[in-house]
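Asks: Please see the structure below; I have some questions.
The values are calculated or read from the model by the stated rules, or taken from the named source; none is laboratory data. Remember, it's a predicted structure, so these values are computed and weren't measured experimentally. Virtual Cβ from ideal backbone geometry, glycine too; neighbours counted across all protein chains shown. Just so you know, the surface numbers come from the protein's heavy atoms only, side chains and all, with ligands and any DNA or RNA stripped out. Shrake-Rupley method; radii C 1.70, N 1.55, O 1.52, S 1.80 Å.
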Amino acid sequence: MVAEGKLGGHVEALESLLGADLVLSGPEVERYCRDWHGDVTSSAVAVIRPRSTADVSAAVQAISGLGLSIVPQGGNTGLVLGATPDDPARQVVISLERMTAIRRIDADDFSATVEAGAILSDFKDKVEAAGLYFPLALGAQGSCRIGGNVSTNAGGINVLRYGMTRELVLGLEVVLPDGSVFDGLSTLRKDNRGIDLKQLFIGAEGTLGIITAVSVKLLPPAEQVATALVGLNALSDAIALYRRARRDCCDLMSAFEFMPPVAFTLAREAMPDLLMPIAADYPAYVLMEIAGSGLVDIEDLMHRFLEGVMEEGLVLDGVVAASKAQSRNLWLFREGMNEGQARRGAHLRTDVSVPLSRLADFVHEAEAAVMEQLPDALCVSYGHVGDGNVHLNVLPPNGLTREEIDAYLYRAKTAINEVLYLFGGSISAEHGVGRLKKADFVSRLPDAQARLLGAIKRAVDPGLIMNRGCQLNFDPD
């Protein structure tokens, strides 16, 4: 354990090198050292809040010079502890929350350049005011930040149509572990000059550098949006419905989410005023959305599609939102179920993916495996049908101690993962690896992949100062 006096010395040194305005210490660091759900609370030597890329560069050099390591942080909304310090006596958090400038929105180029600390919803609003659209959409978009979205390769509800964050990034500005700046903020769509270096930092969770600015693709706004909630006989019917929707609605479909009946109970526990638009006792539900602009009649397309699948018996019941307010109400059920689960206390939150064609079978077998081990568990499976992403969450019964809950959730996770590996799936579809999933990731990491990842890390960050403890374990030579 490092002595308190030495910690104080580090803080004084950072203030001397960077200026007191950039450095937080003592009780002020607490809010930067707690995970999004409040399950884990840590600490740090200090928190640095730079105002510019030059400040970030100076901070990286100062921290490295003191023999400390860095935990980069955006909005601190991640779900795998990627931005949560785990070595408080040796780690300094660098928060990008002050770097919020939108450097440029170019309507003719359909692109924008924005600093990493910009809040996603604020950026989307500015883009919309310019007559354009940025499609990344997350439940945490009111507090997550662009740099974190890129660093974790965030997913969200629009992956089906627009892809993960990686597909939206044109260029990056990154402060490297030696303090130098990689300026790759090009907005070129086609640039085939060798290895695309920006890809190294997308999804790296701050282990190779600190993203300070991003150039992204923009699109024409969707002038028409149709949202529908439908009830089905089984989750397997959701796969069949998705296949039909991809054929009939083509690339106009932007979201296709499946939910169990308990989703509505959980949502109304968090938001009691929510009104059920259809019966709440169908075995499975799908929330789908199609959007477009120009000459396509989106509402007519949605109605004709649903009429066809209801005549065939694939859909039992459904409702199409008649206004933006009604559409928002439908999406509140999808968002509210997460808050409802949180209100029930600590629980297992998974973020897995399987081949789309096997999604229904995976959910059935994984839930059965959990119930065999833990018959008093509540399994809540939902997610993104179009990309095979399942959030199979497990809520324990009431009355357990914290130690009992931890053991309970570990058994549930083990049961799910054993089924997942049989299906050739991934333990992280969109949340990343962070510190929470590191052990599971490393335990199944093929040798060739481990060698490549290790070689990249040591080449870019030979001092191992960038987010040590995240994704992989690296010990100094």
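Asks: Could you check how many residues of region 305-360 are among the hydroxyl-bearing types (Ser, Thr, Tyr), over 18 Å from the mean Cα position of the chain (by Cα) and more than 19 Å from Met288 (Cβ to Cβ)?
Replies: 0
Asks: Kindly indicate whether any position in region 127-143 is more than 20 Å from Thr53 (Cβ to Cβ), open to solvent by less than 20 Å² (accessible area, probe 1.4 Å), in a helix (DSSP H, G or I) and of a type in the set (A, V, I, L, M, F, W, C).
Replies: Yes, the conditions are met somewhere in region 127-143.
Asks: Taking region 151-167 as the search range and keeping residues that are modelled with pLDDT of 95 or more and charged (D, E, K, R), which one is most open to solvent (accessible area, probe 1.4 Å)?
Replies: Glu167
Per-residue answers, yes or no, for (1) under 25 Å from the mean Cα position of the chain (by Cα); (2) modelled with pLDDT under 95; (3) within 30 Å of Asp406 (Cα to Cα):
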| position | (1), (2), (3) |
| --- | --- |
| Asp35 | yes, yes, yes |
| Ser43 | yes, no, yes |
| Arg49 | yes, no, no |
| Asp55 | no, no, no |
| Ser64 | no, no, no |
| Val71 | yes, no, yes |
| Ala83 | yes, no, yes |
| Gln91 | yes, no, yes |
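Asks: Here's a follow-up. Of all the residues that make up region 77-115, how many are open to solvent by 20 Å² or more (accessible area, probe 1.4 Å), touching a Phe, Trp or Tyr at 6+ places or on another chain (Cβ under 8 Å) and either closer than 12 Å to Ala44 by Cβ or not in a loop (DSSP other than H, G, I, E, B) (or both)?
Replies: 1
Asks: Give region 352-397 a look and list any residue that's without any contact (Cβ under 8 Å) to a residue 24 or more places away in the chain and of a type in the set (Asp, Glu), or say none.
Replies: Asp376 - this is the single residue of region 352-397 that is without any contact (Cβ under 8 Å) to a residue 24 or more places away in the chain and of a type in the set (Asp, Glu).
Asks: Something else: Please verify whether region 413-430 includes one or more residues that are modelled with pLDDT of 95 or more, open to solvent by less than 20 Å² (accessible area, probe 1.4 Å) and closer than 20 Å to Val262 by Cβ.
Replies: Yes: region 413-430 contains one or more residues that are modelled with pLDDT of 95 or more, open to solvent by less than 20 Å² (accessible area, probe 1.4 Å) and closer than 20 Å to Val262 by Cβ.
Asks: How many residues does region 249-269 hold that are in a helix (DSSP H, G or I), at pLDDT 90 or above and either surrounded by 18 or more Cβ atoms within 10 Å (Cβ to Cβ) or acidic (Asp, Glu) (or both)?
Replies: 9
Asks: For residues in region 369-388 being modelled with pLDDT of 95 or more, in a helix (DSSP H, G or I) and not acidic (Asp, Glu), which is farthest from Met288 (Cα to Cα)?
Replies: Ranking the candidates gives Gln373 first.
Asks: Enumerate the pairs (first residue in region 440-462 and among the small types (Gly, Ala, Ser); second residue anywhere and surrounded by 11 or more Cβ atoms within 10 Å (Cβ to Cβ)) with beta-carbon separation below 7 Å, excluding pairs fewer than 6 apart on the same chain, so at least 6 apart or on different chains.
Replies: The qualifying pairs do not exist here.
Asks: I've got another one for you. Can you tell me which residues in region 284-298 are farther than 10 Å from Ala228 by Cα and surrounded by 14 or more Cβ atoms within 10 Å (Cβ to Cβ)?
Replies: Answer for region 284-298, where residues must be farther than 10 Å from Ala228 by Cα and surrounded by 14 or more Cβ atoms within 10 Å (Cβ to Cβ): Ala284, Tyr285, Ala291, Gly292, Ser293, Val296, Ile298.
Asks: Quick check on my filter: what residues within region 417-455 are part of a helix (DSSP H, G or I), under 21 Å from Met466 (Cα atoms) and aliphatic (A, V, I, L, M)?
Replies: Ala439, Val442, Ala450, Leu452, Leu453, Ala455
Asks: Something else about it: Output yes when any residue across region 396-408 is closer than 25 Å to Val442 by Cα, β-branched (Val, Ile, Thr) and out of contact with any His (no Cβ under 6 Å at 6 or more places or on another chain), and no when none is.
Replies: yes
Asks: Which residues, counting only those in region 326-362, are assigned to a helix (DSSP H, G or I), of a type in the set (Gly, Ala, Ser) and over 19 Å from Ala270 (Cα atoms)?
Replies: Result: Ser357, Ala360.
Asks: Considering only region 168-213, how many residues are aliphatic (A, V, I, L, M) and open to solvent by 20 Å² or more (accessible area, probe 1.4 Å)?
Replies: 7
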